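Colleague: My questions will all concern the structure given below.
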Amino acid sequence: MLLLTLILIPFIGCVIAAFLPVNARNREVWLAVAIALIGLIIIGWQFPQINSGEVLRYQLDWMPEYGLNLVLRMDGLAWLFSMLIIGIFLLVVLYARYYMSPEDPVPRFFSFLLAFMGSMLGVVLSGNLVQLVLFWELTSLSSFLLIGYWHHRADARRGARMAFTVTATGGLCLLAGMLMMGHIVGSYDLDVVLASGETLREHAWYVPTLILVALGALTKSAQFPFHFWLPHAMAAPTPVSAYLHSATMVKAGIFLLMRLWPVLSGTPEWTWIIGGAGVCTLLIGSFIAIFQHDLKGLLAYSTISHLGLITALLGIGTPLAMVAAIFHTMNHATFKASLFMAVGIIDHESGTRDMRKLSGLYRMIPHTATLAVVASAAMAGVPFLNGFLSKEMFFAEALLVGSNSNWWMALAAVTMGVFSVAYSLRFINVFFGKRATDLPKTPHEPPRWMRFPVEVLVVFCLIVGIIPGLSIGPLLHNSVQSVLGDQMPYYSLALWHGFNVPLLMSFVALGGGVLLYTVLRKRFDLLHRDQVPLLYRFNGKQAYESTMLELRSAASRLEKLLGTRRLQPQLVLLVFVCLAAGVAAAATAPRVWMALEPSTPHIPFAVLWLIGCACAIAAAWQAKYHRLAALALVGGAGLVVCLTFLWLSAPDLALTQLMVETVTTVLILLGLRWLPPRLLSIEQDKAEAVLTRTRRTRDFILAVAAGLGMAAISYLVLMLPAGSGIGGFFLERALSEGGGSNVVNVLLVDFRGFDTMGEIAVLGIVALTVYGLLRRFRPSPESMALPPQQTNLTDPAAPQTPAEQTTTGYMMIPGVYLRLLLPIFLVCAVYFFMRGHNLPGGGFVAGLVFSVGIIIQYMLAGTLWVESRLHLQPHRWLALGLIIAVATGLGAVLLGYPFLTSHTAHFSLPILGELHMPSAFFFDLGVFSVVVGATMLILTALAHQSIRSHRLPLAAMEAAAKEKN
């Protein structure tokens, strides 16, 4: 349960932070700090078990038959990454308190940051492949929001879109790879997958699975050729950059490769794909970093380079390479987070990050400069710092590969080391030299607690570099043990291993880096952009931009070909595609048509359907001349459908169809006035008549074909033998497992409760969309007010304009009858709602009945009278219904059952006797509330449009009268 708490608290804090006041930054900070401390306590509490080699699991069943459950799993690797994620988050939050401006919307910032942390924790703690991909995509979404936090800047919007496009595309590839992996293994449970390495590597789908998983990991960790998005993510606030580059976003791909290393590594394909991408990335990233002018840009490309180093180690595939990869992941997180925070301090205090303007900063900010120089030395791999140890391990493993005639790996490792020293010196150079005098602001030391996170991380770099065995040894051992298991190799974290080739390679890298930087500085002017090497221009951005332009052009061409501003052609295309798909499916199964045996027609039923067909044909004919008549005829066809359901012993469907017909007829009636008129000029009559005739003939043929197809499908389903379909399953289990004898209602609120929840959510979204689209035309309160001479709504003799005669037709009916209609409908709604679980009815039907009562109030009394007396507030009905439905499902979870599992409570009351109260009652109550809210919301929007349409002609007539006078 602690693992579930660890995942939930960041998302709960995300919601709370979003609603905190904008001008109270300390509240957001204390909230984030409290969540981080709780997380660290939970993780620390688990260390004894993790240290003993135990794997902690928490499982919440959801769809066990499909292998889809919420599974949280913590081993040594997940523990280490969780500690990095939460620990650096705590430091970043403290740093952001002083970095963010009071004008920034800080609640939104901390809300996004907490969601980002929760998503990353979900990735590292997931014990199910599909669940891992879900959190994986959440990291893409939350990073998109953080990178584009300053959305008023074009570079922030562009960088956010680029990052999201690349990583989300990789996430889709990862989803496909995970599904294939689960299919091969036979389970999506991570423990089962990790134990099935031989099965996966020997399968014919291994290479496609590896490629898809690699695409997901390489795009997320900015590996070649997908590295171009990371420098553009520098438009994010510096706290975001520090967190994203050190412990979260870019480390997600690294974590995935480490997690799946036991099942995917050990093959030539793994080495060439993962190792090749890593080597290309470490060389390109380190080389381009030398020529950057923006401090954050230099750190961005250095991050790309170090991620390439870790990826190359994982591609090597030896157990010692895995040790080095995990060790360098930890070291990189510490010195890179401290460097980004130091750059943020420089930018915050001097007003610029341009290295062409910065120099001599050591005299102005000596403490920050010292910290930044030490962290840069760790990045360069200077002895007695943590970066030196892990980079020496990298050299050793590269040399081992080189001993097998693959000398290019050792050469690439040394070359990358040379470049890393060069760009580290380029970074350090801003602190020395002549003191800059043309800066936007005069630099000074930041507030004490803004520098504190940098100090903590730099001290960690020193401690690990001096006493690695005591400081980081147990954590590294646990994480490596959880990945390698029985393949755990011997390794030493001692500072001195004697004079050997890896040590020589380290000194060659240090000396070569100093020499390269000196040569480049003297012979090439690094301060001019046009001196940037040609390689910089092939960083993948141009390919991305060209691809996006081609996609936009293709989408525009497809839209011109298939799209139109008119609804009718789109419906024609949709129906035609569905009809073609149905015909193709039927053609592949000719034996199905053997069921179409002639039967003796039932005369009353045939007459009923002849009436329905006549109504449908007449509606299609009348639509050409009189839309109101066509709507009435469509209602007649709907009533025939209702009677058909009754005839076939489906009273629930008949009742629902009747209510839906009533509500939709009124709503369509209100919307008829917005359809374009059918008036044509004399010159257009003949051409338009021919075009209309052709179009109507096409639509008639298509409609008849689609109708016949649906009729054939319905007939085939009705001809199935009793009990041969899925219906028998529900008939047998509705009462025993669902607690109700009304199979339809039990099916909706129990067996398919999750589907129903999705449907009511969609219904609410549709209602809000309709309301939002029509709200822009909503009349002002002044235009809705009646003129002074018509404000007496209770006087039938008051003079009325044509508009008021339409909207105040209730005056023809005594008020007492009008007031009784709504309570009567409410009683009927309650009646149908209470009987729904065992007899025809339910929340959906009850909601429609109550909605009809409200509609009648609008029709008889008018919008003004109803809204002045009934406080409808449909938005609250929608929200309340969804909350009740979700709370019902969560109630089952809290009791240890799958989401939305129903339960029936039996209790006795003094007068009423024994009562049966199923939990589905509350879920049905949520359905009722959503249906009423959605109907009222659409009705309100259309009713306001009706008022406006009446007012506009009246205003035009008044203006014409004034002009005439």
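Every number in this text was worked out from the coordinates using simple rules, so none of it is lab data. As the structure is a prediction and not an experimental result, all values here were calculated from the model. For neighbour counting, all protein chains shown are included, and Cβ atoms are generated from backbone atoms with ideal geometry for every residue, glycine included.
Colleague: Per 0.36 nm of contour for each residue apart, how much would the distance between His626 and Arg161 grow if the chain were fully extended, relative to their Cα-Cα spacing?
Modeller: Values: separation 465, 0.36 × 465 = 167.40 nm, distance 4.96 nm.
Extending this stretch completely gives an extra 162.4 nm.
Colleague: Still on this structure, I have one more. I need the chymotrypsin sites (Phe, Trp or Tyr not before Pro) found in region 163-247, filtered to DSSP loop residues with at most 14 other beta carbons within 10 Å of theirs. Can you show the working numbers first?
Modeller: Values: sites: Phe164, Tyr188, Trp205, Tyr206, Phe226, Phe228, Trp229, Tyr243; in loops: Tyr188, Trp205, Phe226, Phe228.
Sites meeting the loop and neighbour criteria: Trp205.
Colleague: Another one. Between Asn23 and Trp150, with labels modelled 7 Å along Cα→Cβ, what's the label distance in nm to one decimal, could you check?
Modeller: 2.4 nm
Colleague: Per residue of region 332-341, in order, report the coupling 6.51 cos²θ - 1.76 cosθ + 1.60 (Karplus, θ = phi - 60°) as ³J(HN,Hα) in whole Hz, putting x for Gly and Pro.
Modeller: Couplings: 4, 4, 6, 6, 6, 5, 5, 5, 5, 5 Hz.
Colleague: A further question follows. Using only Cα atoms, what Kirkwood radius does region 266-531 have, in angstroms?
Modeller: 18.9 Å
Colleague: Which whole-number percentage describes the relative contact order of region 266-531, with Cα contacts under 8 Å and a sequence gap of 6 or more? Each step should come with its number before you reach the end.
Modeller: Working: 406 pairs, mean separation 65.9, N = 266.
Relative CO of region 266-531 lands at 25 percent.
Colleague: Let me ask something additional. Expected output is a single nm value to one decimal: the length gained when fully extending between Asn429 and Arg566, i.e. 0.36 nm times separation in residues minus the C-alpha distance. What is it? Don't skip to the end; give the middle numbers.
Modeller: Values: separation 137, 0.36 × 137 = 49.32 nm, distance 6.36 nm.
Working it through step by step, the gained length comes to 43.0 nm.
Colleague: Take the residue pairs Lys391/Lys434; Lys251/Lys296; Lys357/Lys391; Lys220/Lys522; Lys251/Lys357 and return only those whose Cα atoms are more than 28 Å apart.
Modeller: Lys391/Lys434; Lys357/Lys391; Lys220/Lys522; Lys251/Lys357
Colleague: Suppose R0 equals 60 Å. What FRET efficiency, 1/(1 + (r/R0)^6) with r the Cβ-Cβ distance, do Arg57 and Glu103 give to the nearest 0.05?
Modeller: 0.85
Colleague: May I ask for the percentage of alpha-carbon pairs in region 186-308 that lie more than 27 Å from each other?
Modeller: When all Cα pairs of region 186-308 are counted, 25 percent exceed 27 Å.
Colleague: Right, something else. Which net charge results for the neighbourhood of Thr271, defined as the other residues with beta-carbon distances under 14 angstrom from its beta-carbon, given Lys and Arg at +1 and Asp and Glu at -1?
Modeller: Its environment carries a net charge of -1.
Colleague: Determine the shape class of region 604-673: with a ≥ b ≥ c the square roots of the Cα gyration tensor eigenvalues, call it rounded for a/c under 1.5, and otherwise prolate if a/b is greater than b/c, oblate otherwise.
Modeller: oblate
Colleague: Report the FRET efficiency, 1/(1 + (r/R0)^6), for Leu716 and Met834, where r is their Cβ-Cβ distance and R0 is 45 Å, rounded to 0.05.
Modeller: The computed FRET efficiency comes out at 0.75.
Colleague: Report the net charge of residues surrounding Leu244, where surrounding means a beta-carbon distance below 14 angstrom and charges are Lys +1, Arg +1, Asp -1, Glu -1.
Modeller: +4
Colleague: Below 13 angstrom from the Cβ of Ala509, what's the summed charge of the other residues (Lys, Arg +1; Asp, Glu -1)?
Modeller: 0
Colleague: Given a Förster distance of 30 angstrom, what is the FRET efficiency for Val501 paired with Lys522, based on the Cβ-Cβ distance and rounded to 0.05?
Modeller: 0.45
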